[in-house]
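Taken together, the values in this text are just the output of simple stated rules run on the coordinates, not laboratory data. This one's a predicted model, so the numbers in the text were calculated from it and none came from an experiment. Counting neighbours? That spans all protein chains shown, and the Cβs are built from the backbone with ideal geometry, glycine included.
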Amino acid sequence: MYLVADINVEICAAKNCKLCTQYCPEANTILYSDELGKDKGFKYGSAYVAVDRCKGCAQCVWVCDNMAKNHAIKMVMIDQLPQAALTENITYGEKSTTAVLTSPVVG
Amino acid sequence: MSLDYVKFSNGFEKFMPKEYRDMVEHGPFGKKVTVSQMGSFKEVLEEHPMCAGCAMTLFIRLAMIAFPNPEDTITVGTAGCGRLAISQAAIPFVYGNYGDQNGVASGLSRGLRLRFGDKPKDVVVMAGDGGTADIGLQQVLHSWFRKERFTTIMLDNEVYGNTGGQESGMTNRGAVLKMAPLGKKFEKMNMVELAKVAGCAYVATVVPNNPRRVESVIKKAVLVAREIGPSYIQAYTSCNIEYAIPTDKVMEDAKAVENDRYQFQEYITDEAKQYLTERYGYKEFLAKSAAPAASIPGKG
């Protein structure tokens, strides 16, 4: 198994800094959804990780902890994530994306 | 080489991969996208085999977002890590022999001007420190002397990362590397001053720990190269393998190097300032150029 980034929606939706999306070295890996978080009553949406593209470098963790000081991102073993976003389940909209979360591990 | 070249032929849409459909329908072609919108649109850069946490990858990602007209841009590269990512984008990429990228770009840029006239077609060279400052130095300098109108971007990781860690002209003095065990004996080359002397109209140094600044300098460099003259950007893009930087400390290293030897510098000629202000509405040069402009006959 291997580590991927996991974003805490409740912290992210409260802060909404979007720094991790700008500092991830991989394209379209940390995405932003207006809907995530709103279902839990937050004003803003949240960032989330397309785990099939994440290479596990943890640069987003450093940025979230040290630049944004939000501590919303942790590295997690991929089989410890019950549900996650995968590229094939992500839909792009005008100003945001939506993702249907599924189990990232097959079988 | 236009917005149309990525679109599907009738009836083929359902056979195309999801990533490609997303890129056509929600990509940046024909729109203005910015760094602050990252994460909400499909980028032209796709998955690539570069190392996890590579700062060069981040810089290339930001550069592709910063191109003013990605649908009218061609990138030119040479041997080096960067080509592994630059070639995985929905922007035509020309891969030259080692060191001839600025020669290839000169011909390409002239040919595009003959073919398309005033319609802007941007040529952007992205090569490593070896390709730009060592093996390709002759062609790089001569393209600047000839005032070839395209942008040269050096992805400076201060080492030959692809081939096991030899020192390059851009390696710092004293740096000990796997294939330079006694430490480099000479100073890091001052390519910024060379670019100014050789006649570049816009020169800047950046570090990718400031995405908005990277976006800003690349936009200006590409726009200046359309009409005024050559532009040069030198970006510090650390190699976390050869310099043993833990991937989660890459931005910490970038900040340290920025403070040490990569402070933000921007050089722009008066002609380029005037062009950016009048043609593209840049306001940042107005205050600085207001006083001298008043003394120029016929101005004001």
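Before moving on, here are some points about what is shown:
- Cross-link table A:18/B:255; B:14/B:220; B:188/B:219, entries beyond 31 Å C-alpha to C-alpha: B:14/B:220
- Summed side-chain charge close to residue B:246 - residues other than residue B:246 whose Cβ falls under 10 Å, Lys, Arg +1, Asp, Glu -1: -2
- q = 0.14, 0.15, 0.20 Å⁻¹: log10 I(q)/I(0) that the Debye formula gives for segment B:162-300, counting C-alpha atoms only: -0.77, -0.85, -1.22
- Computed 3J(HN,Hα) for segment B:61-74, one whole-Hz value per residue from the Karplus formula 6.51 cos²θ - 1.76 cosθ + 1.60 where θ = phi - 60°, is 4, 5, 4, 5, 6, 7, 3, x, 10, x, 6, 10, 10, 10, glycine and proline marked x.
- DSSP bridge pairs, the protein assembly as shown: antiparallel proportion in percent, nearest 5: 45
- For residue A:94 and residue A:1, the FRET efficiency from 1/(1 + (r/R0)^6), where r spans their Cβ atoms and R0 equals 41 Å, is about 0.65.
- Cross-link reach is defined here as a Cα-Cα straight distance under 12 Å, omitting same-chain residues fewer than 8 places apart; for residue B:32 the aspartates and glutamates meeting it are B:71.
- Each Lys or Arg adds one and each Asp or Glu subtracts one; over the other residues with Cβ under 14 Å from the Cβ of residue B:144, this totals +2.
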